[in-house]
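The values are calculated or read from the model by the stated rules, or taken from the named source; none is laboratory data. All values derive from a computational prediction rather than experimental measurement. Using ideal geometry, Cβ is built from the backbone for each residue, glycine included, and neighbour counts are taken over all protein chains shown. Note: areas computed on protein heavy atoms with side chains; ligands, DNA, RNA excluded. Shrake-Rupley method; radii C 1.70, N 1.55, O 1.52, S 1.80 Å.
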Amino acid sequence: MMRIATPGLRATIQDRGRFGHARAGIPPAGPADPVAFAAALDLAGCAPDDAAIEIIGLPFTFRCDDRRVVAATGRDVRLRTRGPVPGWTSVLARPGEEVIVEGSSRTRFAYVAVSGGPALPRVLGSRATYLAAALGPMPRPLAAGDELPLGPSDAGVEAAGRHIRPPEYGGVARAIAGPHDARFADESVARFFSVTFTVLPESDRMGLRLAGAPLPGPTDDLLTCGIVAGAVQVPRGGAPIVLLADHQTTGGYPIIATVIRDDLGIVAQAAAGEYLRFDRVTPGGPYRSA
Amino acid sequence: MSVRPFGDRAFLIELEQRIDLPIIDTARSIADEWERRGLGDTIPAYASVVLEFDPARTSWKDAAVVAEALAAEPPGATAAAAGRLIEIPTIYDGPDLAETAARSGLAVPELVALHSGREYRAFFLGFMPGLAYCGMLDPQIDAPRLAAPRARVPAGTVAVANGQTIVYPVDSPGGWRLIGRTELKTFDPAREPAALIRAGDRLRFVSR
């Protein structure tokens, strides 16, 4: 059993996402920062389709009844058990030992994975939480006192001390032009890939809102079309929104560019007031920055 | 028609820029074929379809070749695409019913008769879990979207806007005109499939 003591502002159970249901209007949900999430699972010795916890607003504190391998990832995230443990590093938590996940003022999403993983049933093929429609086996934010059953774990000492290098958060995300770039003036597309945007505080798991140079788009209405995470929508008024894990499956705003999956975390973890720029990469890859 | 990259693991095929049943069916047939080949998830809409793929299994180039081929020669709607008939028992007492009737130059019973008097097609699902865009409304029903969307519309609300009609599947914000409600659950995660309405289904609202 994993016992939650301090739940942070909003902690949810997530797995890599609820796929195969987009045609029924169901968003993928899953982690806002897929790279950090996958690293946490890997470090804790979990399978790629296991679940972990996404936390907004640290600290997050918990205990496990038996010995478990634990890892916390995200931007500027670290752990404290008997002593401080750096983030992106696996550690052995003793039975009943208090584990504290901490961050900095720049941390937006933290991930904590525990060997064995939360043993919860899948809903529509996934353990991911989509709060807007109360979807998932735990369709609410975690609360103090919550007890999560854990899967079997043969956590051994040798699993501790592994480290994964975190990505370079902040600054630049790689994106591919389109799919609606041809509907924008050439200057708008060029400007999108050259100017620096400022992250607005209204950003959430659905999307990151940006302020910056206006990007005049098409004057005629666009027919609603399907959407993927990373899509950069430009509503009338020209302030772009980068769609994240909880994005709606369809939308009617033109999409000037789409952030590649490996850099979704860089977008998701950009804190309010920080700067963000988009580096244009060629479809088909390899996706080296210019 | 165009095939455009949509990030590093999807393509967007755009067929046209208008709402027309044969185009909707074509978009869905492309989606069905992509999924039948096991390439990944799809999101068909009015006149476009998103085709997702996993670069770890299918190279960008291979996926692009299939997307281009399907766009150039869509498989076409199959007999199975005819869809089921779904009846939606509806109580017509929505807060926008009287105003929508008045602006259409209709008495309320006339609007109810028009709304419940024809069969609609479910074009596609999107925006929120289980929401099916259905049409077309009788052109006498004048229903632009509300200038100020409501912060919360209860699940089960029957609404109209811009020639189309929907049932809100979950409590959510909404800018459509609310004309009635149904007890039918159009989205239930405990059910398989969770969404009651599938794209291609035929719908009839039955006044209660």
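Just how far, in whole angstrom, is the range A:153-219 from the range A:1-35 if you go by their alpha carbon centroids?
Answer, in whole Å: 20.
Divide by every residue of the protein assembly as shown the summed helix terms, -39500 (n - 2.57) for each DSSP H run of at least 4, and state the resulting mean residue ellipticity at 222 nm, rounded to the nearest 500 deg cm²/dmol. Don't skip to the answer; put the middle values down first.
Working: 7 runs with 67 residues, N = 498.
So the calculated ellipticity at 222 nm is -4000 deg cm²/dmol.
Please report, as a whole percent, how much of the solvent-accessible surface of the range A:2-159 comes from carbon and sulfur atoms (probe radius 1.4 Å).
Numbers: 2960 of 5610 Å².
Of all accessible area on the range A:2-159, carbon and sulfur atoms account for 53 percent.
Starting at the first residue of the range A:50-55, write each ³J(HN,Hα) from the Karplus equation 6.51 cos²θ - 1.76 cosθ + 1.60 with θ = phi - 60°, in whole Hz, x for Gly and Pro.
So the J values, rounded to whole Hz, are 6, 9, 9, 10, 9, 10.
So with the 1.4 Å probe, I'd like the accessible area per residue for the range A:2-159, rounded to whole Å².
35 Å²
Tell me the carbon and sulfur percent of the accessible area for the range B:53-152, rounded to whole percent, probe radius 1.4 Å. If you can, show how the numbers build up before the last one.
Numbers: 2860 of 5010 Å².
The nonpolar share, carbon plus sulfur, comes to 57 percent.
What ³J(HN,Hα) values, in whole Hz, does the Karplus curve 6.51 cos²θ - 1.76 cosθ + 1.60 give for the range B:154-169 when θ = phi - 60°, with x put for Gly and Pro?
x, 4, x, 6, 9, 9, 10, 5, 6, x, 10, 9, 9, 10, 5, x
Run the numbers on the range B:39-73: which residues show a drop of 50 Å² or more in accessible area, chain on its own versus all protein chains together, using a 1.4 Å probe over heavy atoms?
B:41, B:43, B:60
Mind checking which of A:123, A:99, A:91 has the largest fluctuation in a GNM of chain A, springs on alpha carbons under 10 Å?
A:123
Tell me the carbon and sulfur percent of the accessible area for the range A:171-289, rounded to whole percent, probe radius 1.4 Å.
Details: 2220 of 4460 Å².
In the range A:171-289, the share of accessible area belonging to carbon and sulfur is 50 percent.
For chain A, find the longest principal axis of its Cα atoms and tell me its angle to the long axis of helix A:34-43, 0 to 90°, nearest 10.
For helix A:34-43, the angle is close to 20 degrees.
Just which residues of the range A:22-42 lose 10 Å² or more accessible area with every protein chain there, against their chain alone, with the probe set to 1.4 Å?
The answer is A:22, A:23, A:24, A:25, A:26.
Quote the total accessible area buried by chains A and B together, excluding ligands, DNA and RNA, probe 1.4 Å, nearest 100 Å². Provide the component values of the computation, followed by the final result.
Values: alone 12720 and 10410 Å², together 20030 Å².
About 3100 Å² of accessible surface is lost on pairing.
If we sort B:176-188, B:142-154 on the protection proxy, mean other Cβ atoms within 10 Å, highest first, what's the order? Numbers along the way, then the final one.
Details: B:176-188: 20.8, B:142-154: 13.2.
For the peptides B:176-188, B:142-154, the packing ranking is B:176-188, B:142-154.
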